[in-house]
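Take this structure first; my questions come after.
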């Protein structure tokens, strides 16, 4: 029996470490993509939407297409905009949602219901998620618990290393603490294994593209 | 035809002994001429004689009247006619006052077709028998005729027809309104839907197609 699965990928690293660049490298390979571009960094995405009416129109346009890519740049209240957008994305289904700086929407002990639904139930709608954060300690435990792959950039902050240690193990946390400025490693939850280099990039692409 | 029965006569209040008298009468009179009625006519005529109309002629109907023998004899002598002709002339003078027909056969009235509801007079095959009428101006009888029933106004039927006609009018008016509404609804929706689709179509091309990069 084939089980419908979504993929959740978390990218954690300090500012300027290369999170967005790596994320772009992955997202550009995705057929059906939507970016909640909090920082307005993903100008490479062809369709930039600045209000939720445009989002509705975009998804109406995307309804009958095999491939589409768009980004929403919030200009008002991020939380309320995301809440509404999350509902639209959930209804749309079968796409990859990328959320930059997810700690702007959640905290270690709190995840907004709309994001929580995407995280918990997204697989039923084939909604995958790629999120980024500067600090591991600020990401919702619920979200980290449901994440399939962590991409970890260099980190020296003790609380963030503790969070990585708690989730990925002490050995991985130690490796992260010794990474160069733009170096990274991937840690796959299933099998508890680390990946690096080309293999990591291939695995990431496969996971984002939902290739089993 | 006229004749005295052979069985014994009996005494009566008017005219003495009554005897059965059998005569032929016009069909229209059938069931309406009875002994008591004719005796009353005889009594009235003898009290105040008047000119009798001509004989309407014998019909196919027959009636047996129990009449005072003497009175019939006097009438016969005064009119100079046979008893049957004299009696028919006497009865003819009172045709308008003759009672409604009685039926000799039991339940005959129940067996006769009756007009009820919306029965069209045209489809009613019964004949209406009209009595001969004496026309005093010409001094001649207008003979009785048998004719088809004429459509007589029936207020209940007319009222029902009027109501039916009115209901039919409102029904078709309502049907027309529903049809117009449906046309407006669906055609209008279709037009607005097309316009909306066109509007959307105008907006949709502004989105850019996405071509993901290969691995």
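Every read-out reported here was derived from the displayed coordinates using simple, explicitly stated rules and does not represent laboratory data. Since the structure is predicted, the reported quantities are computational estimates derived from the model, not experimental observations. We place every Cβ from the backbone using ideal geometry, glycine too, and count neighbours over all the protein chains shown.
Can you name the residue in segment A:170-203 that is over 19 Å from the mean Cα position of the chain (by Cα) and under 20 Å from residue A:27 (Cβ atoms) and, of all such residues, is surrounded by the fewest Cβ atoms within 10 Å (Cβ to Cβ)?
The qualifying residue surrounded by the fewest Cβ atoms within 10 Å (Cβ to Cβ) is A:198.
Can you tell me which residues in segment A:113-124 are surrounded by fewer than 21 Cβ atoms within 10 Å (Cβ to Cβ) and out of contact with any helix residue (DSSP H, G or I) (no Cβ under 6 Å at 6 or more places or on another chain)?
A:113, A:116, A:117, A:120, A:121, A:123, A:124
Limited to segment A:16-48, what total is found for residues that are in contact with a strand residue (DSSP E or B) (Cβ under 6 Å, 6 or more places away or on another chain), farther than 14 Å from residue A:130 by Cβ and more than 9 Å from chain B (Cβ to nearest Cβ)?
2
Continuing with the same structure: Tally the residues that are farther than 17 Å from residue B:206 by Cβ and in contact with a helix residue (DSSP H, G or I) (Cβ under 7 Å, 6 or more places away or on another chain), restricting the search to segment A:53-78.
2
Exactly one of (1) in a loop (DSSP other than H, G, I, E, B); (2) farther than 25 Å from residue A:15 by Cβ; (3) away from chain B (no Cβ under 14 Å) is unmet by residue A:76. Its number?
Condition (2) is where residue A:76 drops out.
Tell me which residues, restricted to segment A:84-108, are within 13 Å of the chain's Cα centre (by Cα) and in a strand (DSSP E or B).
Selection gives A:95, A:96, A:97, A:98, A:99.
Then there's this: Which members of segment A:50-73 meet the condition of being more than 9 Å from chain B (Cβ to nearest Cβ) and part of a strand (DSSP E or B)?
Within segment A:50-73, A:71, A:72 qualify.
Quickly run through segment A:39-61 and pick out the residues that are under 19 Å from the mean Cα position of the chain (by Cα) and without any contact (Cβ under 8 Å) to a residue 24 or more places away in the chain.
Those that are under 19 Å from the mean Cα position of the chain (by Cα) and without any contact (Cβ under 8 Å) to a residue 24 or more places away in the chain: A:43, A:44.
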